[in-house]
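Remarks on the structure that follows.
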Amino acid sequence: MNLRHLFYFWKVANAGSVTRASEELHLTPQTISGQVQLLEQHLGRELLARRGRRLELTEDGKFVLGYANDIFALQAELEVMVRLQRTGRPSSFRIGVADAIPKSLAYRLLEPALQLPNPYRVVCTEWRLDSLLSELAVHRLDLVIADLPLPNTAEVRAFSHRLGESPVSFLAEPSLAKRCRRLPFPACLDGMPMLLPGSDSAMRAKLVRWFAKHQLRPRIVGEFDGSSLMAAFGETGFGVFAAPSVLTDELHSRHGVTRIAETREIVAEYFAISVERRLTHPCVQAITQAARQRILKSVPA
């Protein structure tokens, strides 16, 4: 098999179209299409099928893509290890942070990579998780930090490494928190103005299920993709909001909000997602070890 043909197919499959793949590779669409057709002829299978204007993977295409992801992930890992052997460190560390991750928590997670003996050029990207996973698949990122493991629906062949977890606290501006405490928790949240994370956040689904379990109907007054903006609205007394308990002191200091109560029925979880089965990059090792040891404490049984 000509691995170059496989590489072109892999780029098309991850880019979603021949046009986008040709733009990334600086080749003509005709060249890309011709190389993919040669691969199909060699394998005797159709790998890509056109559905109207869209190009979709066939079942055989999905099967081949799984192997291609492994092959080119190993290639990327080989390149990193060779550079490590030659220079003692990679030239850069490229990390994606899902926009549902609180910014201060993201810094806490990344800080150990900044304190390694040899300096690294850290390149951070904040985006939607699905977009970050696409970048990870084509090796534009070394690691993605998210608030949920790799989704089952993801077409990326990657691995989730659990960093840790934190119980969740409900916070509000002091006068609103005082009003809320007049009733026992969690009944005090019923009818209260509530700020929720955006639909892409794993916390959103957990909160909705928890409200239903306790038969609570808070008044949803705002939804926010970014936790910093949600905390800023909470600071004004606009509504109650939930946050990882590990950030409670920081949120009180920065926004003046106070904790109403903590629940261990809701757990905020954090994961490092990589194309490597084994975490070999020094920055990734530093992040995962520090997170497990001191940054995110597990909820006691």
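Residue under question is residue 141, and the condition is that it be of a type in the set (A, V, I, L, M, F, W, C), buried (at least 19 other Cβ atoms within 10 Å of the Cβ) and farther than 16 Å from residue 201 by Cα; does it hold?
yes
Looking only at the range 181-190, decide whether some residue is crowded, with 17+ Cβ neighbours inside 10 Å and of a type outside the set (A, V, I, L, M, F, W, C).
yes
Pull up the range 191-247, narrow it to residues that are of a type in the set (Val, Ile, Thr) and at pLDDT 95 or above, then point me to the one that is nearest to residue 176 (Cα to Cα).
240
Collect the residues in the range 269-301 that are of a type in the set (S, T, N, Q) and either assigned to a helix (DSSP H, G or I) or at pLDDT 95 or above (or both), keeping them in residue-number order.
285, 288, 289, 293
Output yes when any residue across the range 42-61 is loosely packed, with under 12 Cβ neighbours inside 10 Å, of a type in the set (Asp, Glu) and in a helix (DSSP H, G or I), and no when none is.
Yes: one or more hits.
Confirm whether residue 228 is surrounded by 15 or more Cβ atoms within 10 Å (Cβ to Cβ), of a type in the set (Ser, Thr, Tyr) and in contact (Cβ under 8 Å) with a residue 60 or more places away in the chain.
no
If the Cβ limit is 9 Å and pairs must be 6+ apart or interchain, which residue in the range 175-195 that is in the same structural domain as residue 223 (by TED's automatic domain parsing) pairs with which residue that is part of a helix (DSSP H, G or I) and among the charged types (D, E, K, R)?
That search, which allows pairs on different chains as well, returns 188/179; 192/179.
Conditions first: (1) in a helix (DSSP H, G or I); (2) crowded, with 19+ Cβ neighbours inside 10 Å; (3) β-branched (Val, Ile, Thr). Residue 208 passes all but one, so which condition is the exception?
Evaluating residue 208 over (1) in a helix (DSSP H, G or I); (2) crowded, with 19+ Cβ neighbours inside 10 Å; (3) β-branched (Val, Ile, Thr) leaves (2) as the failure.
Could you check the range 240-268 and list, in sequence order, the residues that are at negative phi and assigned to a loop (DSSP other than H, G, I, E, B)?
257
Please return the ranges of helices (runs of 4 or more DSSP H) entirely within the range 99-202 where 1 or more residues are farther than 29 Å from residue 256 by Cβ.
103-114, 129-137
Restricting to the range 143-167, name every residue that is among the β-branched types (Val, Ile, Thr) and either at pLDDT below 90 or outside the structural domain of residue 132 (by TED's automatic domain parsing) (or both).
Residues satisfying the conditions are 153, 156.
The values are calculated or read from the model by the stated rules, or taken from the named source; none is laboratory data. Remember, predicted model here, so these are calculated numbers, not experimental data. Don't worry about glycine lacking a Cβ; one is built from the backbone with ideal geometry, like all the others, and counts go over all protein chains shown.
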